[in-house]
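A.B. asks: Structure incoming, see below.
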Amino acid sequence: MAIEEMNLHLNTNDETLKPDNLDLQHTTLLNALKESEDHFRQLILGLPVALYTTDAEGYINLYNHAAVELWGRVPEIGKDRFCGSWQIFRPDGDPLPWEECPIALTLKGIPLKGNEEVVLMRPDGSKRHIIPYPRAIYNQHHRITGAINTLIDVTGIKKSEQELLRKERSLRLLTASLEQQIDDRTADLQKKHAELKKSEERYYRMIDEIEDYAIIFLDPHGIVQNWNRGAQKIKGYTESEIIGSHFRIFYREEDRVNKIPEKLIAEAAANGKSLHEGWRVRKDGSRFWGSITITALHDDANDVIGFSKVTRDLTEKKIAEDRISQYADDLKFQNQELEQFAFAAAHDMKEPLRKIQFYNSYLAEKISNKLTEKELEFLNRSITATARMQGLIDDLLAYSRTSVESVRLEPVNLNKIISEVIAENKETIIETNAVIEKDELPEVKVIPFQISQLFENLIGNALKYRSPDRTLHIKISAQAVSGDKLQQFKADPTINYTRITISDNGIGFDPAYTEKIFDLFQRLHNRTEYAGTGIGLAICKRIVQNHKGFISARGENNKGATFDIYFPQV
């Protein structure tokens, strides 16, 4: 501190103004002044806040360690000024010239408007935000001889403020976004609520308008909660008459005694759904045949909260089915009587036919040499006709037996059946040099007698209708087939079938007769060349039908025929 800054008041009349005393006082004063300056310097140096002093031109003449830390370098006394030696900027980034710096304005005696923030660029390129607090130093003449400037580093505060502002902006944006999302969500929920309400209205209106189905809702105990027009039409009750009643009111007395209604909702609660058909009771006491579906309704916790019950009035269908069933029973009875009549008629025809055969044989044996050529021809024709009639009657009896035979299925080894049929036709096979190739065949549950007759007819046909131009070759094979691959026969898709295939290289038949080949009395070849009554394949079809199976044929003229027989695996 300059000596002239000290305002000393001396008393010239005092003894102390004597020369010796004056030197002593001057020395004491100088020591006191020096001690005061040391204390002042130590005070500045020890302050934790950046502080420095300048002369009247703004050049630094005293500074502390905190100022050096803030500036980033040590200044030169008397050569560096805070504004000028360091790059100083306004907060907006514009450079701040010396004449506009707060310290320069203070040295000019210009009062500051407030705490003005400046930005210091340090030598390492980093920036510090500072608020300077300059104060002028006056002499005894009230002239500005310098200034003391305190620099408050607000960089951390500034960063915190900026971070806070950033977070505030983010928060405002987030809040605005959330508010928008809430508004959008609210609008969406309102829209969905309106759509749901509209959908519910359409649903209930649709349910209410349906007249062919009785649709009602039951609580968990079976009490009617809702009622549509179809229910009123079918059951006869109005909504006000039935709401709150138990649905057992629709059941006959015997069904209520057997607790059919309670069993149905218990089944629906356990399994999710119950189905039932039976007679139901209308309000007026009349009955209708109802087809009922009861479905359990669940909440989010999967607890049963009620049931939907849908009823169809199938009275007309039930009556029609009963009539058809009665017609079928009547037709079955008539068919049985007709078959019995055919059997009896065919059986009764055998005796007079046997007599005719006997008389013809007697005449042929006794007087054939006495007959004219024309008479002998007529006699031979009569013998042939009676033989053909005998064969026809035998076949008719066999055809009748296939339908009246009691159905009793037994496990049968098809290899044994085929071997027996081959043995019965051994002479014809040897005579024609026929070749029969057979795979290993499975065991099936069939009627043994009928299956023997089936294969006798099919193998016998192959031997009968062989080609004169080549050796007969018959092949018999077996294969398991799934029912879902036999839909052309409307087979049961849930079971498997055993397919037996018999094919030959005989004269075959015209494919145009594929559908007619199993018809009764259907002949595909000339009677003069091939004997037969046209009943054999009809018998085969009847036998396969008795076993709930299917038979089909395919062939070509002079290329052979193939028969496929399908037995269900039971």
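The values are calculated or read from the model by the stated rules, or taken from the named source; none is laboratory data. Just so you know, these numbers come straight off a predicted model, no measurement behind them. Here Cβ is always computed from backbone atoms with ideal geometry, including for glycine, and neighbour counts include all displayed protein chains. Only protein heavy atoms, including side chains, enter the accessible area calculation; ligands, DNA and RNA are left aside. Shrake-Rupley method; radii C 1.70, N 1.55, O 1.52, S 1.80 Å.
A.B. asks: For residue 114, all conditions in the list (1) open to solvent by less than 50 Å² (accessible area, probe 1.4 Å); (2) at pLDDT 90 or above hold save one; what is the number of the exception?
C.D. replies: Evaluating residue 114 over (1) open to solvent by less than 50 Å² (accessible area, probe 1.4 Å); (2) at pLDDT 90 or above leaves (2) as the failure.
A.B. asks: For the structure I just gave you, tell me whether residue 376 is open to solvent by less than 100 Å² (accessible area, probe 1.4 Å) and modelled with pLDDT under 75. Even if it seems obvious, please write down each step before you answer.
C.D. replies: Values: open to solvent by less than 100 Å² (accessible area, probe 1.4 Å): yes; modelled with pLDDT under 75: no.
Criteria not met by residue 376.
A.B. asks: Still on this model: Mind listing just one residue for me: the one in the range 279-307 that is among the acidic types (Asp, Glu) and within 26 Å of the chain's Cα centre (by Cα) and, of those, nearest to residue 221 (Cα to Cα)? Walk me through how you get there before you give the answer.
C.D. replies: To start, the set of residues in the range 279-307 that are among the acidic types (Asp, Glu) comprises 284, 299-300, 303.
Add one more test, that the residue is within 26 Å of the chain's Cα centre (by Cα), and what stays is 299-300, 303.
Details: 299: 16, 300: 19, 303: 13 Å.
Among those that are among the acidic types (Asp, Glu) and within 26 Å of the chain's Cα centre (by Cα), it is 303.
A.B. asks: Would you confirm, using the coordinates I've provided, whether residue 449 is in contact with a Phe, Trp or Tyr (Cβ under 6 Å, 6 or more places away or on another chain) and hydrophobic (A, V, I, L, M, F, W, C)?
C.D. replies: On the way: in contact with a Phe, Trp or Tyr (Cβ under 6 Å, 6 or more places away or on another chain): no; hydrophobic (A, V, I, L, M, F, W, C): yes.
No; evaluated as a whole, the condition is false for this residue.
A.B. asks: Would you check if residue 496 is at pLDDT 90 or above and either open to solvent by less than 60 Å² (accessible area, probe 1.4 Å) or under 19 Å from residue 414 (Cα atoms) (or both)?
C.D. replies: On the way: at pLDDT 90 or above: yes; either open to solvent by less than 60 Å² (accessible area, probe 1.4 Å) or under 19 Å from residue 414 (Cα atoms) (or both): yes.
Yes; evaluated as a whole, the condition is true for this residue.
A.B. asks: Continuing with this model, one more query. Residue 83 passes all but one of (1) modelled with pLDDT of 90 or more; (2) open to solvent by less than 50 Å² (accessible area, probe 1.4 Å); which number fails?
C.D. replies: Condition not satisfied by residue 83: (1).
A.B. asks: OK, next. Given the criterion under 20 Å from residue 212 (Cα atoms), modelled with pLDDT of 90 or more and surrounded by 13 or more Cβ atoms within 10 Å (Cβ to Cβ), identify the matching residue among 293, 315. Break it down stepwise before answering.
C.D. replies: Working: 315 fails: modelled with pLDDT of 90 or more.
Unique residue meeting the criteria: 293.
A.B. asks: Another question, then. Please work out which one of (1) touching an Asp or Glu at 6+ places or on another chain (Cβ under 6 Å); (2) small (Gly, Ala, Ser); (3) surrounded by fewer than 12 Cβ atoms within 10 Å (Cβ to Cβ) is the condition residue 480 fails and give its number.
C.D. replies: Among (1) touching an Asp or Glu at 6+ places or on another chain (Cβ under 6 Å); (2) small (Gly, Ala, Ser); (3) surrounded by fewer than 12 Cβ atoms within 10 Å (Cβ to Cβ), residue 480 violates only (1).
A.B. asks: Confirm whether residue 395 is at pLDDT below 75 and not polar (S, T, N, Q). Walk me through it before giving the result.
C.D. replies: Values: at pLDDT below 75: yes; not polar (S, T, N, Q): yes.
Yes: the conditions hold for residue 395.
One line per residue, one yes/no per condition, for (1) surrounded by fewer than 19 Cβ atoms within 10 Å (Cβ to Cβ); (2) assigned to a helix (DSSP H, G or I):
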position	(1), (2)
420	yes, yes
437	yes, no
454	no, yes
457	no, yes
468	yes, no
475	yes, no
500	no, no
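A.B. asks: Considering only residues that are closer than 17 Å to residue 52 by Cβ and among the small types (Gly, Ala, Ser), look in the range 119-153 and name the one that is most open to solvent (accessible area, probe 1.4 Å).
C.D. replies: Step by step, filter the range 119-153, then rank; the result is 136.
A.B. asks: Kindly indicate whether any position in the range 477-488 is within 21 Å of residue 424 (Cα to Cα) and out of contact with any Leu (no Cβ under 7 Å at 6 or more places or on another chain). Write out each step before concluding.
C.D. replies: Going residue by residue through the range 477-488, those that are within 21 Å of residue 424 (Cα to Cα) are 477.
Of the ones still in play, those that are also out of contact with any Leu (no Cβ under 7 Å at 6 or more places or on another chain) are 477.
Within the range 477-488 (the criterion being within 21 Å of residue 424 (Cα to Cα) and out of contact with any Leu (no Cβ under 7 Å at 6 or more places or on another chain)), the answer is yes, since at least one residue qualifies.
A.B. asks: Quick check: is even one residue across the range 179-190 surrounded by 10 or more Cβ atoms within 10 Å (Cβ to Cβ) and in a strand (DSSP E or B)?
C.D. replies: Looking only at the range 179-190, we keep the residues that are surrounded by 10 or more Cβ atoms within 10 Å (Cβ to Cβ), and these are 179-190.
Those still in the list that are in a strand (DSSP E or B) too: none.
Looking for residues that are surrounded by 10 or more Cβ atoms within 10 Å (Cβ to Cβ) and in a strand (DSSP E or B), one finds none in the range 179-190, hence no.
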